[in-house]
Amino acid sequence: MKPYLREKSAFSFEEIPEKTCFEAGYLVTKNSGWRRARPVIDKDKCVMCLQCYLYCPDGVISESDNNICIDYDFCKGCGICGKICKAGAIKMEAEV
Ligand code: SF4
Ligand code: SF4
């Protein structure tokens, strides 16, 4: 398993984990029930800057096959990723 960025002072793109922090055992209880809105990524707008990954407080954003992925089982819907995305690629959509 790849190391997680918060434990490192510098990183390269290849070091971005392929799994969420849940996979590393840091998150053990699903918290998606808290969520009023979920972040949805517009892949056409995403420039892969990885700022959303770095700022997500729960570590539920990862990269796979050059796409940003969100683990909705553990995303609590705080919206930080949407605020930090300068490309406007993340919109918060109300849960139904
Ligand atoms: S912050 Fe926005 S543009 Fe950057 S990787 Fe995340 S979704 Fe893509
Ligand atoms: S809404 Fe919050 S918890 Fe969910 S992916 Fe974005 S920053 Fe992470």
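Using 0.36 nm per residue, how much length does the chain from residue 45 to residue 29 gain when fully extended, once their Cα-Cα distance is taken away?
Length gained, residue 45 through residue 29: 2.6 nm.
Take the residue pairs 45/76; 43/91; 30/86 and return only those whose Cα atoms are more than 20 Å apart.
Those over the limit are 45/76; 30/86.
Rule-based calculations on the coordinates, nothing more; no lab input. It should be emphasised that the depicted structure is a prediction, and the values quoted were computed from it without experimental measurement.
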